[in-house]
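Comments concern the structure below.
The values are calculated or read from the model by the stated rules, or taken from the named source; none is laboratory data. All values reported here derive from a predicted model rather than from experimental measurement. As a convention, Cβ positions derive from the backbone with ideal geometry for all residues, glycine included, and neighbour counts pool all protein chains shown. Calculation scope for accessible area: heavy atoms of the full protein, side chains included, ligands and nucleic acids excluded. Shrake-Rupley method; radii C 1.70, N 1.55, O 1.52, S 1.80 Å.
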Amino acid sequence: HDISDPAVLRAELQRMAAELCASLAAHHRRGRTIAIKVRLDDFTTATRAHTLASPTNDLHQVRDVALRLLHRYAPPRPVRLLGVRVAGLAHGAPTTPGARPQRPAQHTPAARPKEPALDQLSLQV
C-alpha cells in the first residue's frame, strides 16, 4: 500500500536503518555512502545519496543521514517503495564514537576474499 504520512515514512526508514546497520556489523562491514530510494505511486523513482568522510556502520549516523535525505526530498506524492542502503563498503570493526577509522586492507583482484559480493547492503519495504 502507498504511504503518504511523513511520520510513517520516517518510522519505516528508521526501522530499515536499524536492520541494515545490524547486518553491516554482523558482516564486519562499514560504508561511506548512505542512500535512499523512493518510488512514488506513479512509479517515479528518485534516489538521494550522501558520502561521508569515513566509513561507518553506526546506526545513529546512518539513520540521521537517511532521514535528512528523505526530509530534503520531501516526496510530493504517496510513496510505494522506500529503501535505504550503505555502499562503498570496507571491512572493519563497528564504528564507535571518537574512534579513528581503520584503513581497509588493500586487495588485488586475485587476492579478493572468496565470499558473496557485498558491494552494498540494502533493505526496502
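The figures follow:
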quantity	calculated
Top-ranked residue in region 26-51 [being among the charged types (D, E, K, R) and in contact with a Lys or Arg (Cβ under 8 Å, 6 or more places away or on another chain); ranked as most open to solvent (accessible area, probe 1.4 Å)]	ARG48
Criterion violated by ARG10 - all others in (1) closer than 30 Å to HIS91 by Cβ; (2) surrounded by 14 or more Cβ atoms within 10 Å (Cβ to Cβ) satisfied	(1)
Enumeration of residues in region 52-85 that are open to solvent by 70 Å² or more (accessible area, probe 1.4 Å), out of contact with any Leu (no Cβ under 8 Å at 6 or more places or on another chain) and not in a helix (DSSP H, G or I)	ALA53
Residue list for region 24-47, restricted to those being over 10 Å from VAL86 (Cα atoms) and within 11 Å of the chain's Cα centre (by Cα)	LYS37
Test: residue in region 37-55 that is touching a His at 6+ places or on another chain (Cβ under 8 Å) and at pLDDT 95 or above	no
Residues located in region 89-115, provided they are exposed (fewer than 15 other Cβ atoms within 10 Å of the Cβ) and at pLDDT 50 or above	ALA93
